[in-house]
Amino acid sequence: MAGDRGRLRPKGSRDRIRSLMLGVALIAFGLIAWLSRNKVPHAHSNSGSASYLQSSVNKASDYKVSPDDPEEAKGTIFVSIISYRDPDCKTTIEELFDQADYPERVFAGICEQNAEGPGAPEDCSLAHLPVRLRSNVRYHRMNASEAKGIPLARQLAASSFDNQDYFMQIDAHSVFAKGWDSLSVRLINQLRKCSKKPVLSHYPLAWGDENNPAIPRICHSKFTEQGVIRLDAAIEYAPSKDFVKVPYAAGGFMFFPGQVINEMPHDPHLPYLFEGDEILWSIRLYTHGWDVYTPNTNIIWHRYKTSADKVKKGDVYSDHGDRFQWLLSQALQKVRWMLDDTQEKPSDIVLKDFDRYKLGTDRPLTAWEEFAMVDIKNKTVNGKDKFCTTDLAKDLVCPGL
């Protein structure tokens, strides 16, 4: 038997063994590569806050379409989501991909602000997401005690933007129409006959009212006691093929070409700002040449009453101390000063990198005031009869298909 082990094998046998070993090696290499690409994101801690990092992430350029695919299949979509202790976040992410016609072209950036770590009820888990899509999601995670309000969260969520063709901004308690991705692209393409730079935005209907075909339109605003403009009326109108041009954009739903984010990124230097954020975005869009239209159909719905409401507004920043009130006052002053240069200039702490976040130069602020029928210096709003009606001026209507 010992002599048999030293005996040379026939050449054919040696070749088969080499082929078998090569095949095993290739299979092992492929398995390792697959596991690397589809590894579930893991938390990386950094002084109490964390970003979810992936060993491999899918890129917008990875999405390919066939020449035979319909027009609405073309183009990648980045979805910005912010979540403040929101247990509906995981369902929102799951439905975002599940309801898309082409989920591989959807990429999400999520800013999670939670009091508890991964695995908690408020965790924006990917556990129910198909493995092939998990690398389409990027996270930024921070403890809720470190949250500084909506503008910073929006900026962090958008920081993973990879020059996708389209950008959608939503909240973490959203519900989606079937084929929302194709629908949104189709509507933007229809609007291009009326505007070179179209934006879709409105306050979505409440989930639970999804059988209601009415379309909410933001058509009015008013000045708050702090002297900033708050979007006020969102009136529901019967469905129509037409889009309606309005001067207001809602933070909870916007869909536009990705070019917008390159032109006017989110300003993270507006600490704790809530009222004032939407009007500033509305006016920045307008002065950068973008036109906001109410969609002619419902694309998403909101769970306005969620279990996240158990976190009372008055308690959100209760542990942030006196500096919270001072920073908020400076953010509000920044909004007032940007829209009325006779106002006192705010602290430099909120003016960092200001040239990146100022109003645009394509159209002057006075043109927005004329369009919206708002007088910022005198704090008057007279546009309700113009926008809150079914008898709209022709220049506000863009015919749909």
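Computed from the coordinates by the stated procedures, all read-outs in this text should not be read as laboratory data. Everything quoted here is computed from the prediction, not taken from an experiment. Backbone-built Cβ (ideal geometry, glycine too); neighbour counts: all protein chains shown.
The table below lists the values:
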{"quantity": "Long pairs among LYS245/LYS305; LYS193/LYS394; LYS334/LYS377; LYS197/LYS245, criterion Cα-Cα beyond 19 Å", "calculated": "LYS245/LYS305"}
{"quantity": "Spherically averaged projected area of region 215-360 from its Cα convex hull (nm²)", "calculated": "10.3 nm²"}
{"quantity": "Viscosity 1.002 mPa s, temperature 20 °C, Stokes-Einstein D of region 161-270 from Kirkwood C-alpha radius, µm²/s", "calculated": "137 µm²/s"}
{"quantity": "Highest-first arrangement of 220-233, 359-372, 102-115, where packing means the average Cβ count within 10 Å", "calculated": "102-115, 220-233, 359-372"}
{"quantity": "5 angstrom amide H check on MET254, placed H, neighbours 5+ away", "calculated": "GLN169"}
{"quantity": "Enclosed volume per residue, in Å³, of the convex hull spanned by Cα atoms of region 53-154", "calculated": "108 Å³"}
{"quantity": "Value of relative contact order over region 218-373, rounded to a whole percent, pairs C-alpha under 8 Å and six or more apart", "calculated": "30 percent"}
{"quantity": "In order through region 233-244: 3J(HN,Hα) via Karplus (6.51 cos²θ - 1.76 cosθ + 1.60), integer Hz, x for Gly, Pro", "calculated": "9, 10, 8, 8, 10, 4, x, 8, 6, 8, 9, 10"}
{"quantity": "Once the Cα gyration tensor of region 93-145 is diagonalised, semi-axes √(5λ) in Å", "calculated": "23, 11, 9"}
{"quantity": "Extreme residue, positive dipole direction of region 136-231, given options ASN212, THR224, HIS173 (C-beta unit charges)", "calculated": "THR224"}
{"quantity": "J(HN,Hα) series, region 280-296, from Karplus relation 6.51 cos²θ - 1.76 cosθ + 1.60, nearest Hz, glycine and proline x", "calculated": "5, 5, 4, 6, 4, 4, 4, 6, 8, x, 8, 10, 8, 10, 6, x, 9"}
{"quantity": "Per-bin percent of Cα-Cα distances, region 193-235 [5 Å]", "calculated": "5, 17, 17, 17, 19, 14, 8, 2, 0"}
{"quantity": "Stokes-Einstein translational diffusion, region 207-299 - Kirkwood Rh over all Cα pairs, 1.306 mPa s, 10 °C, in µm²/s", "calculated": "109 µm²/s"}
{"quantity": "Computed over region 139-288: relative contact order in percent, which uses C-alpha pairs under 8 Å that are six or more apart", "calculated": "36 percent"}
{"quantity": "Other-chain or far-sequence residues with amide H under 5 Å of TYR139's (modelled H)", "calculated": "TYR52, ILE110"}
